[in-house]
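The next block holds one structure in the form of structure tokens; read it before the comments.
Quick note: the coordinates plus some simple rules give every number you see, no bench work behind them. Only a predicted model underlies this, so the values are computations on that prediction, with no experimental measurement involved. All Cβ positions, even for glycine, are placed from backbone atoms using ideal geometry, and neighbour counts span all protein chains on display.
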Amino acid sequence: MLTLIGQARNKIILLFVIININCIKAQQVTVELLNQNVVYKNDDGYHPVSIRYKLLNTSSDYVYLILGKKSFGVFGNPDEYIFDKEGAEIPKDQMIFNPRLLLFQSKNAEGPLKLTNFKSVPQFTPDEFNKRSQQELRIKNDSTEAVKKYKDLYFRSQPLNWVVRAKYINDNIVFIKPGESVIVSTDIDFALYDYNPYFENGVGYTLKNDVYRMMIKVHNDPLLIREYLDERNTTKIRNFKAQPLKEDCYSGKINLKVEK
């Protein structure tokens, strides 16, 4: 009798384990770096490199996530995610849903590089500087108008700085069907990620002529996302019965070669 009870108990435990395994597998997104190696020119010029990666939904559910595809967040601390709830604008280093590009010393692949100061953005002639300033002002004005129109459509009662964040989140939402993938190509110039030695913070790296190891981390905060979703994306989530990305995803490591 005891043996039968023990067998029944073991079957229940086994069934519970199988159910849990299936639940774990029920939602999974993998990140794969498609570059075999990346070569970065470290000099005074502007030399962006293209990083290609793939997000694959291996689960049985529709999955949604926020993914800033245009730039990377480069941080010394892999767990550092900033979201300024007071500021009217979101600087590049505060876009918390931009994937993090993590760099590792090839000789010590377990620890990310420490932030160190280095020569930053190239110097421009007065004419070049003026042209870039006018360009940036035009982009800023266009962006402000776009945010105002977006506010009128979806969030009339919210302050403009709140709407800026909401627009960023809703513009960067990605839906991935079960078994499907999204391929992203993002340009990065490491010289444009500066570091402030006075405040001992920033997002820059000193990249000497060497070989490093590089990987991508994708981070989402489902509770924060839910707060800012607009009507069209809320409807999509409901129609697709989509699930948010609940865990951080990491790619494997590839080589980053830095040369003159």
Worksheet item: Within the set Lys148/Lys241; Lys54/Lys208; Lys69/Lys217; Lys148/Lys246, which residue pairs have Cα atoms separated by over 24 Å?
Response: Lys148/Lys241; Lys54/Lys208; Lys148/Lys246
Discussion item. So if each residue of separation counts as 0.36 nm, and I subtract the Cα-Cα distance between Ser106 and Lys70, what length gain in nm does that give?
Written reply: 10.3 nm
Discussion item. Take Arg226 and Ser181, extend 7 Å from each Cα along the Cα→Cβ direction, and tell me the distance between the two endpoints in nm.
Written reply: 3.2 nm
Worksheet item: For Gln28 and Lys208, what is the calculated FRET efficiency with R₀ set at 35 Å and r taken between the beta-carbons, to the nearest 0.05?
Response: 0.40
Worksheet item: Leu245: net charge of surrounding residues, Cβ under 13 Å, Lys/Arg +1, Asp/Glu -1, itself excluded?
Response: -1
